[in-house]
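Student: Here's a structure for you.
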Amino acid sequence: MAKTSDFHLTERETTILDLLSEGYDNKKIGELLFLSENTVKDYVSSLMTKLKAKNRTQVVALAFRLGLLN
């Protein structure tokens, strides 16, 4: 299994990951962070790529498993 240090998440990606884990959708995350929904979508896609996840649910599950979320 990969180590936490293997993933270089930006501060913004970490913030979005936290909000994803709380169940917020892209639109609400955008509102909270003053970003467009498309920008949030791009960040979620980046997280999916970095964590090799198939969807946003898997992003959160893998993040918990890897210790990226508490």
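Student: Convert each backbone phi in the range 10-26 into a coupling constant with the Karplus relation 6.51 cos²θ - 1.76 cosθ + 1.60 (shift: θ = phi - 60°), then list the ³J(HN,Hα) values in order as whole Hz, x for Gly and Pro.
Tutor: Values per residue, Gly and Pro as x: 6, 4, 5, 4, 5, 4, 5, 4, 4, 5, 4, 5, 7, x, 6, 8, 4 Hz.
Student: Sticking with the crude label model, points 7 Å out along Cα→Cβ, report the distance from A61 to N38 in nm, one decimal please.
Tutor: 3.1
Student: Given q = 0.12, 0.22 Å⁻¹, what are the Debye log10 I(q)/I(0) values for the chain, with equal point scatterers placed on the Cα positions and solvent ignored?
Tutor: -0.26, -0.89
Student: Evaluate the distance, in nm, between pseudo-label points positioned 7 Å from the Cα of E31 and of S46 along their respective Cα→Cβ axes.
Tutor: Those two pseudo-labels are separated by 2.4 nm.
Student: Provide the net charge surrounding L35, with neighbours chosen by a C-beta distance below 14 Å and charges set as Lys +1, Arg +1, Asp -1, Glu -1. Before the final figure, lay out each step's value.
Tutor: On the way: positive: R12, K27, K28, K41; negative: E11, E13, D25, E31, E37, D42.
Its environment carries a net charge of -2.
Student: If you don't mind, there's one more thing I want to ask. With every protein chain left in place, what is the accessible area per residue of the chain in square angstrom, probe 1.4 Å?
Tutor: Computed with neighbouring chains in place, this is 66 Å² per residue.
Student: Let me ask you something else. How much mean residue ellipticity at 222 nm does the chain get from its helices, if each DSSP H run of length 4 or more adds -39500 (n - 2.57) and you divide by all residues, to the nearest 500 deg cm²/dmol? If you can, show how the numbers build up before the last one.
Tutor: Details: 4 runs with 44 residues, N = 70.
Calculated mean residue ellipticity at 222 nm is -19000 deg cm²/dmol.
Student: Between H8 and N70, how high is the FRET efficiency from 1/(1 + (r/R0)^6) when r is the Cβ-Cβ distance and R₀ = 25 Å? Nearest 0.05. Please report the intermediate quantities before stating the final value.
Tutor: Values: r = 19 Å, r/R0 = 0.77.
After rounding to 0.05, the efficiency reads 0.85.
Student: Carbon-plus-sulfur fraction of the accessible area of the range 25-70, 1.4 Å probe, in percent?
Tutor: Details: 1550 of 3000 Å².
Using a 1.4 Å probe with all protein chains present, the range 25-70 comes out at 52 percent carbon and sulfur.
Student: Which chymotrypsin sites (Phe, Trp or Tyr not before Pro) from the chain combine a DSSP loop assignment with at most 11 other Cβ atoms within 10 Å? Don't jump to the answer; show the numbers that get you there.
Tutor: Working: sites: F7, Y24, F34, Y43, F64; in loops: F7, Y24, F34.
For chymotrypsin sites (Phe, Trp or Tyr not before Pro) across the chain that sit outside H, G, I, E and B with at most 11 neighbouring Cβ atoms in 10 Å, the list reads F34.
Student: While we're looking at this one, here's another question. Please check: in the Gaussian network model of the chain (C-alpha springs, under 10 Å), which one of L20, L33, L51 has the largest mean-square fluctuation.
Tutor: With Cα springs under 10 Å in the chain, the top fluctuation among L20, L33, L51 is at L33.
Student: Using unit Cβ charges (K, R positive; D, E negative) and no other charged atoms, how large, in debye to the nearest 20, is the dipole of the range 1-56 about its Cα centre?
Tutor: Numbers: 9 positive and 9 negative charges, 57 e Å.
Magnitude of the dipole: close to 280 debye.
The values are calculated or read from the model by the stated rules, or taken from the named source; none is laboratory data. Keep in mind that what you see is a predicted model, and the values were worked out from it rather than measured. So basically every Cβ, Gly included, is an ideal-geometry build from the backbone, and we count neighbours across all protein chains shown. When the accessible area is computed, the model is the full protein with side chains, heavy atoms only, and any ligands, DNA or RNA have been set aside. Shrake-Rupley method; radii C 1.70, N 1.55, O 1.52, S 1.80 Å.
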